[in-house]
Amino acid sequence: MRIENLSLAYSAVVEVPRDERPFPWSRRTKKREIQALDNVNFSVGAGKAVALLGGNGAGKSTLMKTIIGALKPSAGRIDLWGRPHLLAPGLGFNRKLSGRENVILGGLAAGMTLEEVKDKAESIIDFADIGGFIEMPTTTYSSGMFGRLAFAVATHVDPDILLIDEALSAGDAAFKERAVNRVQEMCSAARTIIVVSHSTALVSEMATEGVWLHQGHVRMQGDIDEVSEAYLKFQAEGTETAQLDRTIADR
Amino acid sequence: MESSAETEAPALYTRRSTRTGLPPMRNYLANAWRYRTFALYWSRADVKARNFDTFFGRVWHVINPFLFGLIYFVFVGIIGGGGFDDTERLALIVGNLYAWLFFSTIVTTSASAIQSGAGGILTQSSIPRMVLPMASAITAANLFFRSLLAYVPLHVLAGRGLHIEMLWIPYLTVLTMLVGFGIALVMAVLNVYFRDISRLLPHGLRLWLYLSPVIWEYTRVLDNAEFAQLNPMYPAYTAWTVAFGGTLDPDGPSMLGSLLWFTLFAFVVIVVGFITFASREDEFAVRN
């Protein structure tokens, strides 16, 4: 995967505070441009696992959404050798359907063919381990049960490029361990992995390289331990929040 | 926005901005085709979620347009002075109304199909967004065919008989679906920018219903035909009326002429709708 000069900006409508309106007929809203990604460049080789690090608003999730194609770049390009898959539990689910029906619907939404979903349905149901509830509408499920089923569907896809954005666990403690093992199995099968998590310990286990995003641009790139260390040091100094506040004030 | 090229496996997918906003068409259509089974299952789930798989759900869906037809029959009977003893007119209104509700259901449900994130599909997947209104259009077609069966006894009771023009019903169904889908695509985009569009839509559709020969015979405006034909739904529902019950006036608009105008309108609407939607669908994830 190669990302070249990637930028993404969008406009948002914000309300103008009453005391900033000179006249009663002054506009109550104005457009503000948000530069979510700013000239991002990096590449990930086949068989590599990369962690995206960065604080809230750094552009990590925006970058993931741009890679899968949900958002369009304003400039630059992304070349992907293989179809990407974002691990998104619950994608396409309909709460009024039974668990079994949602396995089919969710599997199709995740990009599987009908034959693939049918082949994997029993394995997905076994992994979710929710017993007789599988035949009942998912409106009757606890949030934990729903999370287990959604996670089971999302992790039975065989992607070329696997994207994981803070979706590494679901359900109770016992299920969490199986969930992490399952994701690691997926990682070993996928050619390329990009993982986002605020847990630097977790991403250090999964990735060999790190990319630190800060306010939409790449601040550091390299060995995961070095990038993690620099990012943690930056966070410990408390400078990130202060800089974020300054950026918002500037905008 | 997404393009793939056959090199050595695996395929290359590229994300980049385009000047027109339109994605590379060949890849876009191929990607939409890839999700055709998902569209069918999404539609089936939609039908089930609306309780149409239960006995009373199905009965209500069939009765609802019939009751509408009855109300309009009384309404037209009072306003137009046609009385209440004309079963032929009741059958005409109910038959046309089924066809109109097919159209309006496609517009309203397809236009709102991309609201509220659509189960995460807008923000967490690369499924072409057009698949969602497409699924809603499939749902509307499914329900239309089921409900059409309920019209048959009334057709027989009113003595509307069998006509050669009935063979056009499948073609009219396709055209109606295309027009509804095309308009829905434009409305879906407008609704992303102006949220009140979804509130105005039912009122606009109701006005359009009154201006079209659905609950009144198309022969009523023959003296003022030029004005009436400015409404593209005039030839459309003239064709539906003739297809259901045969021609009302041999000197009136011809079936082939009505079909020609309807076909032209459907073509323009679907092309405009497709281009509008495909060039804007990348913004849905940001604005939803």
>> Every residue in segment B:227-275 that is within 23 Å of B:Gly161 (Cα to Cα), among the hydroxyl-bearing types (Ser, Thr, Tyr) and buried (at least 19 other Cβ atoms within 10 Å of the Cβ), please.
In response: B:Tyr237, B:Thr238, B:Thr241, B:Ser258
>> Looking at B:Ile183, B:Ile138, can you tell me which residue is under 12 Å from the mean Cα position of the chain (by Cα) and under 26 Å from B:Ile63 (Cβ atoms)?
In response: B:Ile138
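Does B:Arg199 meet the test of being out of contact with any strand residue (DSSP E or B) (no Cβ under 9 Å at 6 or more places or on another chain), over 20 Å from B:Trp261 (Cα atoms) and among the basic types (Lys, Arg)? Explain how you work it out, then say what you get.
Numbers: out of contact with any strand residue (DSSP E or B) (no Cβ under 9 Å at 6 or more places or on another chain): yes; over 20 Å from B:Trp261 (Cα atoms): yes; among the basic types (Lys, Arg): yes.
Against the criterion (out of contact with any strand residue (DSSP E or B) (no Cβ under 9 Å at 6 or more places or on another chain), over 20 Å from B:Trp261 (Cα atoms) and among the basic types (Lys, Arg)), B:Arg199 qualifies.
At the interface with another protein chain (Cβ under 8 Å from one of its Cβ atoms) and more than 22 Å from the chain's Cα centre (by Cα), is that true of B:Arg26? Let's see the steps before the verdict.
Values: at the interface with another protein chain (Cβ under 8 Å from one of its Cβ atoms): no; more than 22 Å from the chain's Cα centre (by Cα): yes.
Judged against the criteria, B:Arg26 is not a match.
What's the total number of residues in segment A:95-112 that are surrounded by fewer than 20 Cβ atoms within 10 Å (Cβ to Cβ), at pLDDT below 90 and not small (Gly, Ala, Ser)?
In the first step, residues of segment A:95-112 are kept if they are surrounded by fewer than 20 Cβ atoms within 10 Å (Cβ to Cβ); the result is A:95-96, A:98, A:100.
Within this subset, residues satisfying the condition of being at pLDDT below 90 are A:95-96, A:98.
Filter again for not small (Gly, Ala, Ser), leaving A:95-96.
Number satisfying all stated conditions: 2.
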>> Kindly evaluate A:Gly57 against the criterion of being within 22 Å of the chain's Cα centre (by Cα), within 13 Å of another protein chain (Cβ to nearest Cβ), surrounded by fewer than 20 Cβ atoms within 10 Å (Cβ to Cβ) and more than 30 Å from B:Ala49 (Cα to Cα).
In response: no
> Can you tell which of B:Leu162, B:Leu207, B:Leu132 is assigned to a loop (DSSP other than H, G, I, E, B) and either surrounded by fewer than 21 Cβ atoms within 10 Å (Cβ to Cβ) or within 14 Å of another protein chain (Cβ to nearest Cβ) (or both)?
Replying inline: B:Leu162
> Of the residues that sit in segment A:120-129 and are modelled with pLDDT under 90 and under 24 Å from the mean Cα position of the chain (by Cα), which one is nearest to the other protein chains (Cβ to nearest Cβ)?
Replying inline: A:Ala128
> Hey, any hits in segment B:101-120 for a residue that's modelled with pLDDT under 85, over 30 Å from B:Pro23 (Cβ atoms), surrounded by fewer than 22 Cβ atoms within 10 Å (Cβ to Cβ) and small (Gly, Ala, Ser)?
Replying inline: no
>> So, in segment B:221-275, how many residues would count as being in a loop (DSSP other than H, G, I, E, B), more than 28 Å from B:Met187 (Cβ to Cβ) and under 21 Å from the mean Cα position of the chain (by Cα)?
In response: 0
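With within 14 Å of another protein chain (Cβ to nearest Cβ), among the basic types (Lys, Arg) and within 30 Å of B:Leu40 (Cβ to Cβ) as the only criterion, which of A:Lys65, A:Lys31 stands out? Give the derivation first.
Details: A:Lys31 fails: within 30 Å of B:Leu40 (Cβ to Cβ).
Of A:Lys65, A:Lys31, the one residue that is within 14 Å of another protein chain (Cβ to nearest Cβ), among the basic types (Lys, Arg) and within 30 Å of B:Leu40 (Cβ to Cβ) is A:Lys65.
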> Going by the structure shown, is B:Thr176 closer than 30 Å to B:Asp282 by Cα, crowded, with 22+ Cβ neighbours inside 10 Å and hydroxyl-bearing (Ser, Thr, Tyr)?
Replying inline: yes
> How many residues are at negative phi and in a strand (DSSP E or B) when one looks only at segment A:3-41?
Replying inline: 24
> What tally of residues in segment A:87-119 results from selecting those that are closer than 25 Å to B:Ala49 by Cβ and either within 8 Å of another protein chain (Cβ to nearest Cβ) or assigned to a loop (DSSP other than H, G, I, E, B) (or both)?
Replying inline: 20
> Just one of B:Asn51, B:Asn64, B:Asn31 is closer than 22 Å to B:Ala113 by Cβ, assigned to a helix (DSSP H, G or I), at pLDDT below 85 and within 14 Å of chain A (Cβ to nearest Cβ); which is it?
Replying inline: B:Asn31
> Can you name every residue in segment A:187-201 that is surrounded by 17 or more Cβ atoms within 10 Å (Cβ to Cβ), modelled with pLDDT of 75 or more, hydrophobic (A, V, I, L, M, F, W, C) and out of contact with any Lys or Arg (no Cβ under 8 Å at 6 or more places or on another chain)?
Replying inline: A:Ile194, A:Val195
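The values are calculated or read from the model by the stated rules, or taken from the named source; none is laboratory data. All of these numbers come straight from a predicted model, not from anything done at the bench. Don't worry about glycine lacking a Cβ; one is built from the backbone with ideal geometry, like all the others, and counts go over all protein chains shown.
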